[in-house]
1. Mind counting the residues in the stretch 157-186 that are part of a loop (DSSP other than H, G, I, E, B) and among the hydroxyl-bearing types (Ser, Thr, Tyr)?
2. Please enumerate the residues belonging to the stretch 143-157 that are under 15 Å from the mean Cα position of the chain (by Cα) and either on the phi < 0 side of the Ramachandran plot or open to solvent by 50 Å² or more (accessible area, probe 1.4 Å) (or both).
3. Scan the stretch 158-169 and give yes if some residue there is out of contact with any Lys or Arg (no Cβ under 7 Å at 6 or more places or on another chain), at pLDDT 90 or above and surrounded by 15 or more Cβ atoms within 10 Å (Cβ to Cβ), otherwise no.
4. Filter the stretch 51-86 down to the residues that are among the hydroxyl-bearing types (Ser, Thr, Tyr) and closer than 16 Å to Ala21 by Cβ, then identify the one that is most open to solvent (accessible area, probe 1.4 Å).
5. In the stretch 15-39, which residue that is over 17 Å from Asp95 (Cα atoms) and open to solvent by less than 20 Å² (accessible area, probe 1.4 Å) is farthest from the chain's Cα centre (by Cα)?
6. Please list, ordered by first then second residue, the pairs with beta carbon atoms under 7 Å, 6 or more apart or interchain, first in the stretch 143-171 and within 26 Å of Asp59 (Cα to Cα) and among the hydroxyl-bearing types (Ser, Thr, Tyr), second assigned to a strand (DSSP E or B) and open to solvent by less than 60 Å² (accessible area, probe 1.4 Å).
7. Return the pair list, or none, for Cβ contacts closer than 8 Å from residues in the stretch 68-82 that are closer than 13 Å to Leu45 by Cβ to residues that are open to solvent by 50 Å² or more (accessible area, probe 1.4 Å) and among the hydrophobic types (A, V, I, L, M, F, W, C), at least 6 apart or on different chains.
Amino acid sequence: MFIQTESTPNPATLKFLPGQAVLDMGTADFPTADAADGSPLAQRLFAVDGVTGVFFGTDFVTVTKADAIEWDHIKPALLGAIMEHYQSGQPVMGDDHKATSGHAEHTGDDGEIVGQIKELLDSRVRPAVAQDGGDITFHGFERGVVYLHMQGACAGCPSSTLTLKMGIENLLRHYIPEVTEVRPVA
């Protein structure tokens, strides 16, 4: 098994490409070790000292490290953990995992606008940020403001504010006049 690695715009995050499916569809975010209970692979990765976050896409694993840790020190252990996991035959996710779109549900008068926002995110934004090892999902829409949740390499990335304001906000405002601003949520 050959696992490729790619850097991301976030210097604290590295993208691992195991050369086989990670998830059948959707994404899975584990911002803490406690959140990793439903994933044997995420648990293995959090067992490596210095790992602060794990994120899965359909064909990649993104790992975020603590600032005090150097990639040269933990990358071999992470590669080993991923290889051991795939050789063990264990599933990436436990039986109780259900794939979702990742977007929050929205009820209210703005249903048509929210549908357009989600469609633009799915068709234009999410494929681009997945290439960088992250994901951006819809969280809410209120009085012209779109609230988005940033995951994986996007969470805590120095360039995420620029991406959000100059890229996503301009895109949404261009296609959907009711959108006036885009803000991240924690």
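1. Residues in the stretch 157-186 being part of a loop (DSSP other than H, G, I, E, B) and among the hydroxyl-bearing types (Ser, Thr, Tyr): 2 in total.
2. Leu148, His149, Met150, Gln151, Ala153, Cys154, Ala155, Gly156, Cys157 - these are the residues of the stretch 143-157 that are under 15 Å from the mean Cα position of the chain (by Cα) and either on the phi < 0 side of the Ramachandran plot or open to solvent by 50 Å² or more (accessible area, probe 1.4 Å) (or both).
3. yes
4. Checking each candidate, the answer is Thr58.
5. The extreme case among them is Pro18.
6. From residues that are within 26 Å of Asp59 (Cα to Cα) and among the hydroxyl-bearing types (Ser, Thr, Tyr), the pairs are Ser160/Met150.
7. These pairs meet every condition: Ala81/Ala47.
The values are calculated or read from the model by the stated rules, or taken from the named source; none is laboratory data. Keep in mind it's a predicted model, so treat the numbers as computed, not measured. Note that each Cβ is placed from the backbone with ideal geometry, even for glycine, and that neighbours are counted across all protein chains shown. The area values use the complete protein model at the heavy-atom level, side chains included, leaving out ligands, DNA and RNA. Shrake-Rupley method; radii C 1.70, N 1.55, O 1.52, S 1.80 Å.
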